[in-house]
């Protein structure tokens, strides 16, 4: 917070300056009192900010989150938001089939380990005449990814419980 400045004219040795000194003193005390009161309030806000930064839990089911990250670990990630439960990969081309690439997004919708708390979407492109062209993704591919993530999540939970 910036403190107000008072020019030297208020403190000059004149009859008028002498008359202003008590009023200026009262104004300074009031200003500094308000400023310090604002600082005390500001410290409370900073304490709350620091406390919120130290939260270690995530906003979605941790087993689903970890399983999704492990399942997609071979693909480059463009976004991974644990509080919102969103994982988005960049385009990935299998070295054995460089004329095809896939992009995957995973959404974890709940804090419970349930099948309906997971949503997987995929996009696929193929190379045609030197340009990438959108191609359909088989529904079985998306279903298989969901199954792999759910199975890993259940295994992670079993290992933590057992």
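Structure values in brief
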| read-out | value |
| --- | --- |
| Per-region count, segment 55-104, residues in contact with a strand residue (DSSP E or B) (Cβ under 7 Å, 6 or more places away or on another chain), over 15 Å from residue 149 (Cα atoms) and in contact (Cβ under 8 Å) with a residue 24 or more places away in the chain | 5 |
| Top-ranked residue of segment 120-134 - restricted to ones that are in contact (Cβ under 8 Å) with a residue 24 or more places away in the chain and touching a strand residue (DSSP E or B) at 6+ places or on another chain (Cβ under 7 Å), ranked as nearest to residue 156 (Cα to Cα) | 120 |
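Any read-out appearing in this document is the output of simple, stated calculations on the displayed coordinates, not a laboratory observation. Every value quoted in this text rests on a predicted model; they were computed, and no experiment measured them. Quick reminder, even Gly has a Cβ in these numbers, built from the backbone with ideal geometry, and neighbours come from all protein chains shown.
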